[in-house]
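Have a look at the structure below before the remarks.
The values are calculated or read from the model by the stated rules, or taken from the named source; none is laboratory data. Every value quoted in this text rests on a predicted model; they were computed, and no experiment measured them. Virtual Cβ from ideal backbone geometry, glycine too; neighbours counted across all protein chains shown. In case anyone asks, the SASA skips ligands and DNA or RNA and just uses the protein heavy atoms, side chains included. Shrake-Rupley method; radii C 1.70, N 1.55, O 1.52, S 1.80 Å.
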Amino acid sequence: MSTNDSYLKFCCVMTGLSYPLMQSSSEQSAKNTKKYTGALLIIMLIWFFIGYSFATRYLHLSIYGGILGGLVMSFIILQIERIIILSHNISLGGKIFRIILGLVMAVLGAMILDQITFKDDIELRKSQVLSERVDNAIKLSEKDIKFQVAEIDSMLSSSNERMFYLSDELQRRPVIVTKQTSGSVTKDSLGNNVNTTKSITTSVVDNPLKIEFEFLQKQVQELNAKKFDLMKSSTELRVKKEDELKASTGFLDELQLLKEVVASSWLGLCVYLLFMFFFLALELFILIMKASDKQSDYDKLIDHQVAVRIEMIKQLNS
């Protein structure tokens, strides 16, 4: 079997046409089959990429899951296009239905491919929207934390002022010196004072304000530690909420973001429309070729077989 015959057989397998009948047909029929196969392979390849991207990006499947998703999508496209190729005479209703189906698939394909194309723009918009959602989600918690921090700041301010005053006092009087005077009197037999002696006792003690100063120092350290913990909890709360919202972002969320990105620029709208018309043209490619091609000898062979079978059935019935 030559290479040309092998490729023709492959084209018949892809399109569902009969290879034995195709061998008996003219070169024009073979060219039509190869033409349909080329268009079919292009459409299947693009939808394989779309299926793979959708499965890995939104269904969060692995690479193998993405390949399986791409193959399933390609198989569906193959069956849809085969129906058109194998249709001998496509009715008006069939054409209208295929056009509607092609339009729907073109819009879906354009949306998925645009989400990949505008990925960086969507991520930028997502970060802005995410920040707004996080602010709304933790508004009450942050308000409570800010209230507690404000109370701590007020206490710290009061304690620091008192500490500055005590520090000045302790620098001027680190210790307190007290003097106690005691005396003794010697009297004679008549009761007169003969000798008087005085003694002065000096005592040095720490300023009692030092105890208050040390207490305030400890209190300020505790308040600062509590304030740090509150600020840390506020940051952790924001990060946790961001992670939760990022994990819950889905296909519809990104569609909404895509709409905002596309609507914000006429250039983005033009790119989206170009993708949509490109997919629509691909989806209707085989339908238009099938409708515009004249009846080939392959079709006439099928008509002849049908006529022969009908005649045989009539003879059997008679």
At 1.4 Å probe size, with the rest of the protein present, what percent of the exposed accessible area of the range 51-96 is carbon and sulfur atoms? 74 percent
First select every other residue whose beta carbon is under 12 angstrom from the beta carbon of Leu223; then total the charges, Lys and Arg +1, Asp and Glu -1. -1
At q = 0.21, 0.22, 0.29 Å⁻¹, what log₁₀ I(q)/I(0) does the range 32-72 have when each alpha carbon counts as one equal point scatterer in the Debye sum? -0.58, -0.61, -0.82
What Rg and what Dmax come out for the range 1-69 when only alpha-carbon atoms are used, in angstroms? 16.5, 50
